[in-house]
Every structure is written in structure tokens, then in C-alpha cells.
Amino acid sequence: GAGVSQSPSNKVTEKGKDVELRCDPISGHTALYWYRQSLGQGLEFLIYFQGNSAPDKSGLPSDRFSAERTGGSVSTLTIQRTQQEDSAVYLCASSSRRDGTYEQYFGPGTRLTVT
Amino acid sequence: TQLLEQSPQFLSIQEGENLTVYCNSSSVFSSLQWYRQEPGEGPVLLVTVVTGGEVKKLKRLTFQFGDARKDSSLHITAAQPGDTGLYLCAGAGPYNTDKLIFGTGTRLQVFP
């Protein structure tokens, strides 16, 4: 079956422009997560969704970052007025409850470069 | 705030050596997962441990969950170059089980 897909795989944008990153989760997965990973670093949590609701947005770095999820499926992470410090790999994961645990399945990521 | 510290941060070894990666916290988790990430890819789930004291084996990899469910270890026997990657532990709960707290990561390089 299809895994988590993300698009685009690479995005180069100029400072100050807006970008949209897309995540297609595994079909039927109720939870969807966004993370950011800087070069060689661990994962920085941004936001997660249960269905279309976002119970925890605590990781969003500033009000330039927003995300939505529609139809309990596709999610879009939007970064407005991009800055150079936004350059990173943005990872999406989806999961569904199994035996009381949520095991996350990750997409390949979108590498964002802000010039 | 729940934090998961991993040690060591970096590990470079020769093929055939054994190694252990540690994942420690002062918080209790309802379950703990281990992921491996290779360059240019997303993390891939290796194992989930749920019960305190639980030991799981995956070929040459042995995972243990601490009795108090605050820590975990990953032991690799006879490491191979294919084991190279970033290893991440991630804890869930104990109250909010659908959000994982990821560890700081251990970058392993195995040389032939």
C-alpha cells in the first residue's frame, strides 16, 4: 500500500515569499504530524492533527507558520514571509491507534531552502 | 516538560563491533519507540516497547525498556555498514499517547 507522500520534495524560495508544503497521509490514519529537522539534528515537533482538529500547535515557531487538514486526510503547512532560518527538512508523519500505541510512519520530507 | 536525552550523540565504529545507545528521561512513558533515519529519507520505525522491563530482539538489534518506563537502550551486535544512520527514540504518554516526544538522536557511522 501507499505510504506517506510529501510534495514538493525540494523547494527553493526567496526570502519573504510564502510557501505551501503538502502531506498525503496513509489512508485511514487519523493522526497527522509535522516536524522540522535542521541539518544533522533531531526532530522538532511543530503541530499535530487528530482528524481535522489540531489539539497541539505548541511547536509552531511563529505566527508565520500555519497548518490545516481537510477531510481528515491531506494537510498543508504554510510558511508566510519565509526567512533564512526556516531552511530545513519538513517531515510529515501519520499514525493510527494500534494496541494502545500510535506508531508513526514518515514521509520522505520536503527540503526547503530560503535564499 | 518531557525530555528524552540520548547518548552518545555520535558514534563511529568498525564493522563487527558491538554498541549500545541509551535513551533517558525523568518522565514515565506509556510506550517507547525506536526509529532509524537514513540520509534523505524519513525515520523508519524499528520497534515499539510497552511493558516495563520488556526486551525485544530484531535480528542483531536488542531493545530494552526500563523497569520504570523512563529509559530504554538499543544494543547492536556485530555492527554492519548498513546499520549506519540516525537513531531516534520516541516516548508516548503517559497521558497524551497520540503525541510522541522524540529524543535528541544518536548518529551512528559503521566503517567497513
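The values are calculated or read from the model by the stated rules, or taken from the named source; none is laboratory data. Predicted, not measured: the structure shown is a model, and the values here were computed from it. Because the Cβ atoms are built from the backbone with ideal geometry, glycine has one as well, and the counts that use them run over all protein chains shown. SASA here: full protein model, heavy atoms, side chains in, ligands and nucleic acids out. Shrake-Rupley method; radii C 1.70, N 1.55, O 1.52, S 1.80 Å.
A few points about this structure:
- Restricting attention to the range B:79-108, the residues that are farther than 25 Å from B:G53 by Cβ and surrounded by fewer than 16 Cβ atoms within 10 Å (Cβ to Cβ) add up to 3.
A quick yes/no check of all residues on (1) charged (D, E, K, R); (2) within 11 Å of the chain's Cα centre (by Cα); (3) at pLDDT below 90:
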| residue | (1), (2), (3) |
| --- | --- |
| B:E5 | yes, yes, no |
| B:L32 | no, yes, no |
| B:G40 | no, no, yes |
| B:P43 | no, no, no |
| B:L58 | no, no, no |
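- Qualifying residue in the range B:15-23 (condition: closer than 24 Å to A:S95 by Cα, within 14 Å of chain A (Cβ to nearest Cβ), in contact with a Lys or Arg (Cβ under 6 Å, 6 or more places away or on another chain) and not charged (D, E, K, R)): no
- Evaluation of B:T106 against the conditions (1) over 26 Å from A:V89 (Cβ atoms); (2) within 13 Å of chain A (Cβ to nearest Cβ) shows that the sole unmet condition is (1).
- Restricting attention to the range B:47-78, the residues that are in a strand (DSSP E or B) and either closer than 18 Å to B:Q109 by Cβ or touching a residue at least 24 places away in the same chain (Cβ under 8 Å) (or both) add up to 9.
- Candidates A:E68, A:E20 - the one that is within 12 Å of the chain's Cα centre (by Cα), free of Cβ contacts under 8 Å to residues at least 40 places away in the same chain and away from chain B (no Cβ under 14 Å): A:E68
- Residue within the range B:90-107 that is among the aliphatic types (A, V, I, L, M) and part of a loop (DSSP other than H, G, I, E, B) present: no
- Close pairs from the range B:23-45: first over 28 Å from A:R111 (Cα atoms), partner surrounded by 14 or more Cβ atoms within 10 Å (Cβ to Cβ) and among the acidic types (D, E), Cβ under 6 Å, at least 6 apart: B:N24/B:E5; B:N24/B:D71
- When B:F10, B:F111 are checked against the criterion of being more than 21 Å from A:Q104 (Cβ to Cβ), within 13 Å of chain A (Cβ to nearest Cβ) and exposed (fewer than 13 other Cβ atoms within 10 Å of the Cβ), a single residue qualifies: B:F10.
- Some residue of the range A:96-107 being outside any loop (DSSP other than H, G, I, E, B), open to solvent by 40 Å² or more (accessible area, probe 1.4 Å) and without any contact (Cβ under 8 Å) to a residue 12 or more places away in the chain: yes
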